[in-house]
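Student: Submitted below is the structure of interest, expressed as structure tokens.
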Amino acid sequence: MLLCMAEQKRHKITEAAQILGVNPWTLRRKVYKDQIPYIKEETGRVYIPAWWVDQQVGEKPKPSDTRCAIYARESSSENKAAMESQVEGLTRYATAKGYRIVSITKEFASGLNDSRKKLHKLFANSEEFDLLLVENKDRLTRFGFKWFESLASFRIEVINSAENCTSDLREDLVAILTSLAARLYGQRRGRKKTQAAIKALEET
């Protein structure tokens, strides 16, 4: 249902998906099939009207006894804007669900790093929350998410099942190559081997 471009509040599809707790592609398919109202600019960019999103979740979500801890991770401190966007989306989602946010943890580290101090501290204080909210599975861990989920004393909720950005995967790959090359060839020679491997990957 295409709406006119009248002045009205709207959300990007990714924002609306975070609020509703669905995959962005679910909304895109509904837009394509004309199953939900949407606004389309002359540039082709599509938005979801805020009033429709509010109808789906309720403008005033019922208070919940669920204590929610938010964990956001980016691979590098250079991604501060992405970090703030991630936290904003998680906060908006938790609010829409009626969760009571008790803590927000931001951490800059690789998903392969199992010595993340802030994540360890969060787990050590797990009695303070009932639910851990993350954007993607790999925000919590690159591998072994099912182990985290089965061993944790709290519930883990992922708001977006889509794969994460290529740049983050690339940085994790570089970390793996650097570690392996250093063990095989030594620190100095290993660094050169890693740089050569990265260059070869970029050229393919």
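The values are calculated or read from the model by the stated rules, or taken from the named source; none is laboratory data. If you're wondering where the values come from, they're calculated on a predicted model, not measured in any experiment. Cβ coordinates were reconstructed from backbone atoms using ideal geometry, including for glycine residues, and neighbour counts include every protein chain displayed.
Student: Looking at TYR47, TYR38, TYR71, which one is surrounded by 15 or more Cβ atoms within 10 Å (Cβ to Cβ), touching an Asp or Glu at 6+ places or on another chain (Cβ under 8 Å) and farther than 28 Å from SER126 by Cα?
Tutor: None of the other options fit; the residue is TYR47.
Student: Go through the range 102-153 and give me each residue that's in a strand (DSSP E or B) and either assigned by TED's automatic domain parsing to the domain that holds THR14 or buried (at least 16 other Cβ atoms within 10 Å of the Cβ) (or both). Full working, then the answer.
Tutor: Initial filter on the range 102-153 (in a strand (DSSP E or B)): 102-108, 131-134.
Scanning the range 102-153 gives THR105, GLU107, PHE108, LEU131, LEU132, LEU133, VAL134.
Student: Turning to a different aspect of this structure: Of all residues in the range 112-129, which are acidic (Asp, Glu) and without any contact (Cβ under 8 Å) to a residue 60 or more places away in the chain?
Tutor: Within the range 112-129, ASP114, GLU127 meet the criteria.
Student: If PHE108 satisfies every condition in (1) among the aromatic types (Phe, Trp, Tyr); (2) under 23 Å from ASN23 (Cα atoms); (3) free of Cβ contacts under 8 Å to residues at least 40 places away in the same chain but one, which is the exception?
Tutor: Answer for PHE108: the failing condition is (2).
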